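**Q** Just passing along the structure, written as structure tokens.
The values are calculated or read from the model by the stated rules, or taken from the named source; none is laboratory data. Note that the structure is a prediction, hence the values are computed from the model and not measured. Cβ atoms come from the backbone with ideal geometry, glycine included; neighbour counts cover every protein chain shown. What goes into the accessible areas is simple: the full protein's heavy atoms, side chains included, and nothing from ligands, DNA or RNA. Shrake-Rupley method; radii C 1.70, N 1.55, O 1.52, S 1.80 Å.
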Amino acid sequence: MPKVTVDGVELEVPAGATVLQACELAGKEIPRFCYHERLSIAGNCRMCLVEVAPGPPKPQASCALPASEGQVIRTDSPMVKKAREGVMEFLLINHPLDCPICDQGGECDLQDQSVAYGRGATRYHEHKRAVTEKYMGPLIKTQMTRCIHCTRCVRFSEEIAGVDEIGALYRGENTQITTYLEHAAKHELSANVIDLCPVGALTSRPYAFEARSWELTKTLSIDVSDAIGANIRLDSRGREVLRILPRVNDDVNEEWLSDKGRYQVDGLPKRRLDRPWLRKNGKLVAATWDEAFAAIAKIKPGASVAAVAGDLVDCETMFAGKMLVGALGSNLLEGRQTGMKYETSNLAAVNFNSTLAGIETADAILIVGSHVRWEAPLVNARLRKAVKNGAKVFLIGPEWETTFAAEFLGEDAAVLGNLPAHVGEAMAGAVRPAVILGGAALAKGALAPALARADAWKLVRTNDDGSVWNGFNVLHMAASRMGGLMLGYAQPGGIADLAAAKPKLLLSLGADEVDYAAFSDSIIVYVGHHGDKGAHAADVILPAAAYTEKAGTYVNTEGRVQFSEKAVFAPGDAREDWTILRALADALGVSVGFDSFAQLRAAMAAEVPALGVEGLADYGARPAAPKDAQAQGVIGYPIKDFYLTNPIARASATMQHCSAELLHGEPQAEAAE
């Protein structure tokens, strides 16, 4: 490890570190625009200049200069100060004075650094250059006159997203950043360039002119648009969440967020259920809470009751539902709404065991029945890292446009039992092999044969450093799936067991993907927040809170338990789910054992201790594979439209716009057109 001196302080830095990283290790703030920890080094903004000896007697860009033994680095010398002022002057030559009307105002790197490192006045009085606005789709608003050509957006698209959609035209002062032929950016992580842009050149189109950053209340939460559990921040004003931004968590989402997780926010206040409803003579009519509970009490279901959990619900809601169903004498619980069934006695067999961060280190990966770009865009970004490191990727299922080098082996799940020789050799010979099963593979019975392959390829092994590698992974698609499985929301025959039992009362906890025709003889009580498919089939609707309107516990596909906080209140007469179920217990004359949210959480943690501790749950050793297990049938991916997979997204005008334009090619006229 080389030793360097930064402003008189000597320290050791890791081999391969840059001078900028050495300065940060010494506690010095180095301004930068083009440099980003997760992107390749460009060295084109020159804002990170420092003085280094030995070396030429001039400032040097610290982001691109390796730290070496004996360097003496100055970050605060008169030369450095003057050089940074000069760079800032050049960056501001053509930058418009848009701060009062710019959405980046208040959280703009250019504003902050011009105050801290720039001159007090300009010496340039020539006319500023203007650049025409570029069209980058329904999510990204452009004002390219503000662009300082840091190329962060270009590098993100190429390196992280793996889609070469954004690039630079022309040279020198005439350089312009744009998409190819000004087409919309179509990849699922496109809006992350808004967070990366250090100026106001790329901002959020749906959020334009909505609010200033200092007006907003920030709340920590968890994304429910998929099963990754991305860490997010809810920015709200009054009773409305105005935007969603990613938080940094290297173990889960790094600092990225899918476009759906970010922009379904405008669907939260639309199509909301804000009062109870009763179905009378085939029509839903508004009711009071007392009338709704009285109507349910008249059913007198006894033990003939079942509960089905939706994809977005938190563990507390599912536990409260479980306690209510159990108090009535039933154990009919299910969360796999679309009819999937697989063995759940050992959750290590249906967990993403390598962890999300760990999949980056795999060197041979077999993906079965998963359209990863749509089911988990953030996992897709990690798979790109694995391929960059030399991993070979093989896929079984219908072809989709991958963003990394991969080989498709066929569409039938039976291919898993008859793999080409070179695939078996690659997997068996890998140091860190991994298998990823998607929901489509589970639906074709691929779990058991995949376990057999896992045993043959020794996917669980101990490395030379003593760490254990477990490369057997199941990639779920619902935010509630792992939490539901931990709480027992799984029948041996799936939801068909519930239908076969013909319950008098079906408790639907935000379940909007169920085929309710199978429950035509049941009274359906829907506890949810949007007037979606579940509400249309319900006999009684009890308005509940969305994930932004309640505290909750979520377990992602790798078994990571995470907590979210309440940002705003539910609209109208809607209530938090657990309070509805607690009141429903009184109406049905049973006791559920809790009267407050704290008691509910304590009871849940007592029954499933892992749900009371934030972090990875321990599911134990993976079970052995059953013999002679085979998968068969042509795989069909369950997600048909990436932007419209849940009731919040379906209520979002932005997601509808994205679906129409980006997936179906329908032109979307602006108001003036």
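**Q** Work out the length of the dipole vector of region 6-125 about its Cα centre, built from +1 on the beta-carbon of each Lys and Arg and -1 on the beta-carbon of each Asp and Glu, and round it to the nearest 20 debye.
**A** Working: 11 positive and 16 negative charges, 105 e Å.
Here region 6-125 has a charge dipole of around 500 debye.
**Q** If you don't mind, there's one more thing I want to ask. Between region 301-334 and region 1-62, what's the alpha-carbon centroid distance in Å?
**A** One Cα centre to the other: 57 Å.
**Q** Now a separate question. Report, by chain and number, residues whose modeled amide H sits under 5 Å from the one on I140, excluding near sequence neighbours (fewer than 5 apart, same chain).
**A** R205
**Q** Just to check I understand the Karplus step: with θ = phi - 60° and J = 6.51 cos²θ - 1.76 cosθ + 1.60, what whole-Hz values come out for region 111-119, glycine and proline as x?
**A** For region 111-119, the Karplus-derived couplings read 4, 4, 7, 5, 5, 7, 10, x, 7 Hz, x marking Gly and Pro.
**Q** May I ask you to compute the full-extension gain from A496 to N44, defined as 0.36 nm times their residue separation minus their alpha-carbon distance, rounded to one decimal in nm?
**A** 156.7 nm
**Q** Given a 1.4 Å probe and every protein chain left where it sits, what share in percent of the accessible area of the chain is carbon and sulfur? Kindly include the intermediate steps, with their values, before the conclusion.
**A** Values: 14230 of 27400 Å².
After summing per-atom areas, the C and S share lands at 52 percent.
**Q** How far, in nm, would the chain grow between E240 and V590 when pulled straight, counting 0.36 nm per residue and subtracting the alpha carbon separation? Don't skip to the end; give the middle numbers.
**A** Values: separation 350, 0.36 × 350 = 126.00 nm, distance 3.58 nm.
Result: 122.4 nm gained on full extension.
**Q** Next up: Could you list which residues have their amide H under 5 Å from that of K392, counting only those 5 or more apart in sequence or on another chain, with H placed in the peptide plane?
**A** Amide H neighbours of K392: A364, I365.
**Q** Something else about it: Per DSSP H run of at least 4 residues, take -39500 (n - 2.57); add these up for the chain, divide by its residues and hand me the 222 nm value, nearest 500 deg cm²/dmol.
**A** Values: 20 runs with 160 residues, N = 673.
About -6500 deg cm²/dmol.
**Q** I would also like to ask the following. List, in the order given, every pair from K134/K550; K341/K533; K298/K322; K385/K550; K260/K341; K260/K627 whose Cα-Cα distance in the structure shown is over 31 Å.
**A** Details: K134/K550 39 Å; K341/K533 22 Å; K298/K322 21 Å; K385/K550 35 Å; K260/K341 27 Å; K260/K627 41 Å.
Long pairs (Cα-Cα over 31 Å): K134/K550; K385/K550; K260/K627.
**Q** Based on alpha-carbon centroids, what's the gap between region 235-293 and region 564-636 in Å, whole number please?
**A** Answer, in whole Å: 19.
**Q** Along the Cα→Cβ direction, 7 angstrom out, place labels at T132 and K186. What is the inter-label distance in nm?
**A** 2.3 nm
**Q** Please report, in debye to the nearest 20, how large the charge dipole of the chain is about its Cα centre when each Lys and Arg carries +1 at its beta carbon and each Asp and Glu carries -1 there. Walk me through the numbers before you get to the answer.
**A** On the way: 68 positive and 82 negative charges, 89 e Å.
It works out to roughly 420 debye.
**Q** Let me ask something additional. For a quick check: with amide H placed at 1.01 Å from N, whose amide H comes under 5 Å from A545's, ignoring anything fewer than 5 positions away on the same chain?
**A** R575, D577
**Q** Okay, moving on. Kindly write out, for region 471-480 in residue order, the coupling ³J(HN,Hα) from the Karplus curve 6.51 cos²θ - 1.76 cosθ + 1.60 (θ = phi - 60°), rounded to whole Hz, with x marking Gly and Pro.
**A** x, 8, 9, 10, 9, 7, 10, 10, 4, 8
**Q** Related question: Under unit Cβ charges (Lys, Arg +1; Asp, Glu -1), what dipole magnitude, rounded to 20 debye, does region 88-244 have relative to its Cα centre? Provide the component values of the computation, followed by the final result.
**A** Working: 18 positive and 22 negative charges, 79 e Å.
Approximately 380 debye in magnitude.
**Q** I would also like to ask the following. Through the Karplus equation 6.51 cos²θ - 1.76 cosθ + 1.60, θ set to phi - 60°, convert the phi angles of region 439-444 into ³J(HN,Hα) values in whole Hz; use x for Gly and Pro.
**A** Once rounded to whole Hz, the list reads x, 5, 6, 4, 5, 9.
**Q** Going by alpha carbons, how many degrees (0 to 90, nearest 10) lie between the helix axis of 577-588 and the longest principal axis of the chain?
**A** 10 degrees
**Q** Gap in Å between the Cα centre of region 97-168 and the Cα centre of region 403-419?
**A** If we compute the Cα centre of each part, the gap is 43 Å.
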